[in-house]
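K.L.:
My structure is below; once you've seen it, I'll send some questions.
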Amino acid sequence: MDKLFTTLENLLRPKGKKGLAGIWEDDHKMVEAARKTREMGVKKFDAISPFPLHGIDEAMGIPRSWIPWVTFIFGLTGCAFGTWFTWWTSAVDWPLIIAGKPFWSLPAFVPIIFECTILFAALSSVGVMIGLCRMPTIDPHTIDPDLTCHKFAIFVPEDEPGFDQAKLESLFKENGATDVRQTEF
């Protein structure tokens with residue numbers, strides 16, 4: 001049992017990378033620093049924020065997400081399933097004539113079809129996001145505990161092409177970083 005728990009814990013514990021982190025108290029300065037970091041030639045780095053920041057995706061060069069397509073496709077799948085399921089249960093598996101209505105009456109089943117559409121779309125979006133974010137994790141690495149409430153950070157891993165510690169430190173300091181530190185994330 002202990003071996004199973006240890007194996008499971010090792011699978012769920014994220015593998016940290018060493019790198020350089022800059023910490024800001026002003027989100028606008030951090031977005032500008034992210035833009036300049038990208039212009040410096042660093043392609044993959046993380047921006048940590050307690051809330052969504054407007055303009056950070058463009059500053060980091062992150063392309064538009066494909067999650068809405070997953071939601072749309074699974075929503076259509078849910079709509080098709082709901083339509084098939086209501087038809088099959090009322091017209092094929094258990095055909096009952098109720099108040100002289102046809103076996104399958106679309107207006108009567110619109111709520112079920114709608115709910116199946118929403119259910120499939122929502123669950124697929126949540127499932128894909130859990131997979132992409134590699135959740136759940138046990139004891140994730142933290143740069144600074146205040147990043148969850150009022151501070152912002154940029155983390156650049158050491159193995160990233162274009163990583164130059166001296167240039168990044170000066171870039172972060174010039175753009176208003178309150179702290180720059182070597183860390184693992």
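K.L.:
Could you list all residues from segment 145-162 that are in contact with a strand residue (DSSP E or B) (Cβ under 6 Å, 6 or more places away or on another chain) and either of a type in the set (A, V, I, L, M) or more than 30 Å from VAL70 (Cβ to Cβ) (or both)?
P.N.:
The answer is LEU147, LYS151, ALA153, ILE154, VAL156, GLU158.
K.L.:
Next question. Taking helices (runs of 4 or more DSSP H) that do not extend beyond segment 52-136, which have at least 2 residues that are among the acidic types (Asp, Glu) and not assigned by TED's automatic domain parsing to the domain that holds GLU39?
P.N.:
The qualifying helices (runs of 4 or more DSSP H) are 56-60.
K.L.:
Still on this structure, I have one more. Provide a single number: the residues in segment 32-52 that are more than 14 Å from LEU168 (Cβ to Cβ) and without any contact (Cβ under 8 Å) to a residue 12 or more places away in the chain.
P.N.:
Looking only at that region, the number is 2.
K.L.:
Those residues that are within 21 Å of the chain's Cα centre (by Cα) and exposed (fewer than 15 other Cβ atoms within 10 Å of the Cβ), I need them from segment 19-43; list them, please.
P.N.:
Answer for segment 19-43, where residues must be within 21 Å of the chain's Cα centre (by Cα) and exposed (fewer than 15 other Cβ atoms within 10 Å of the Cβ): just LYS43.
The values are calculated or read from the model by the stated rules, or taken from the named source; none is laboratory data. No experiment lies behind these values; they were computed from the predicted model shown. Methodologically, a virtual Cβ is constructed for each residue, glycine included, from the backbone with ideal geometry; neighbour enumeration extends over all protein chains shown.
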